[in-house]
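All remarks here apply to the structure that follows.
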Amino acid sequence: MPAPVTLVRRRICRAIALVALLGASHAHGHHSIAAVYDSAERRTLEAVVVEFRFENPHPKILVEETGNDGRPVTWTLEMDNRWELAELGFDARTLRPGDRIVVSGSLSRRQPNALYVRRLERPADGFSCEHHR
């Protein structure tokens, strides 16, 4: 059986490796908004919320817009950092399936039907939020 000091060292090394792995996966999930979205390519959508994910690092909204052919088009909308939104009063219940929203933002450089939200309005109750950076 290994000496107690060796066991402690192994556990410390495993803990460090686990923290490094978790940190790497978080860093991979977080990205530069300017690298992913083109601020010169703007779009405004009138859509219906399908799902709101109040997750880290950036909450996402899945919406459906009616396409030119009358068929639904699904969009993925990415928002500011979760903690900044929480300071503005957002929580997991702020947007619900069926909510009609108007959003303006920057189109994704690579993904079709993806937008970084710069302004969001919910006309039914006057709710609005604007990104100023």
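The values are calculated or read from the model by the stated rules, or taken from the named source; none is laboratory data. What you see is a predicted model, and the numbers here were worked out from it, not measured in a lab. We place every Cβ from the backbone using ideal geometry, glycine too, and count neighbours over all the protein chains shown.
Is there a residue in the range 48-61 that is assigned by TED's automatic domain parsing to the domain that holds residue 100, on the phi > 0 side of the Ramachandran plot and not in a strand (DSSP E or B)?
No; the residues of the range 48-61 include none that is assigned by TED's automatic domain parsing to the domain that holds residue 100, on the phi > 0 side of the Ramachandran plot and not in a strand (DSSP E or B).
Among the residues of the range 11-22, is there at least one that is more than 18 Å from residue 131 (Cα to Cα), basic (Lys, Arg), out of contact with any Pro (no Cβ under 8 Å at 6 or more places or on another chain) and modelled with pLDDT under 95?
Checking the range 11-22: at least one residue is more than 18 Å from residue 131 (Cα to Cα), basic (Lys, Arg), out of contact with any Pro (no Cβ under 8 Å at 6 or more places or on another chain) and modelled with pLDDT under 95.
Scan the range 55-94 for residues that are over 16 Å from residue 45 (Cα atoms) and more than 10 Å from the chain's Cα centre (by Cα) and report the count.
Result for the range 55-94: 12.
Counting only residues that are touching an Asp or Glu at 6+ places or on another chain (Cβ under 9 Å), small (Gly, Ala, Ser) and crowded, with 17+ Cβ neighbours inside 10 Å, give me the strands (runs of 3 or more DSSP E) lying completely in the range 65-133 with at least 3 of them.
The strands (runs of 3 or more DSSP E) meeting that bar are 100-108.
Considering each residue of the range 120-133, count those that are within 18 Å of residue 38 (Cβ to Cβ) and either of a type in the set (Val, Ile, Thr) or more than 14 Å from the chain's Cα centre (by Cα) (or both), and give that number. Walk me through it before giving the result.
Filtering the range 120-133 down to residues within 18 Å of residue 38 (Cβ to Cβ) leaves 131, 133.
Then keep just the ones that are either of a type in the set (Val, Ile, Thr) or more than 14 Å from the chain's Cα centre (by Cα) (or both); that gives 133.
Going through the range 120-133 one residue at a time, the tally reaches 1.
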